[in-house]
Amino acid sequence: MADADPLGGLTLAGKRDGDARRRGDERHAEGGVPARAHLAWLDGRTAGYTQILLASDAPQMALQDDTLVDRSCRGAGVARALKVVNLEHLQSLPQASATQWVQTYCAETNTAILARKAALGFRCVHVMTALEGLPEAAALRRT
């Protein structure tokens, strides 16, 4: 599923296999960031995944992290269902009682998910810029 992430104009996405994701989840748990993950099933197989994180050092914020949907399941409402379950679950967590907002991210070119997020009440407050390239050594010396 992660292989189909919309990249905007980037040419290379970071790969995260299952073991790397588990190690990341373990690091989050050690740092006091409880992760809540949800899987979606469609026709007896995994259709999508999402998780939400709570930072112990920023109790007013939650992070709607990855939402991945298998390419063959797109258009069936899987992403929306996952996001709704995530937000409902967040509201039921005692440790999230101080949460005032949820941050989430996606590529500017992913208009379908931007529309879905807006329909759920999210609004754009910041646009992140990712730069890539291989500057020549001579140019680096001039800076």
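Please treat every number below as a calculation from the coordinates, not as lab data. Values in this document were obtained by computation on a predicted structure and should not be read as measured data. We place every Cβ from the backbone using ideal geometry, glycine too, and count neighbours over all the protein chains shown.
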How far apart, in nm, are two points set 7 Å out from the Cα along the Cα-to-Cβ line at A115 and at Q103?
2.8 nm
When the expected Rg is taken as 2.2 N^0.38 Å, what fraction or multiple of it is the alpha-carbon Rg of the range 44-123?
1.13
Hey, can you grab everything whose amide H is under 5 Å from the amide H of D66? Only 5+ residues off in sequence or another chain; H modelled, so Pro and N-termini drop out.
Q51
For S92, placing the label point 7 angstrom along Cα-to-beta-carbon and taking the range 50-73, residues whose amide nitrogen sits under 14 Å are none
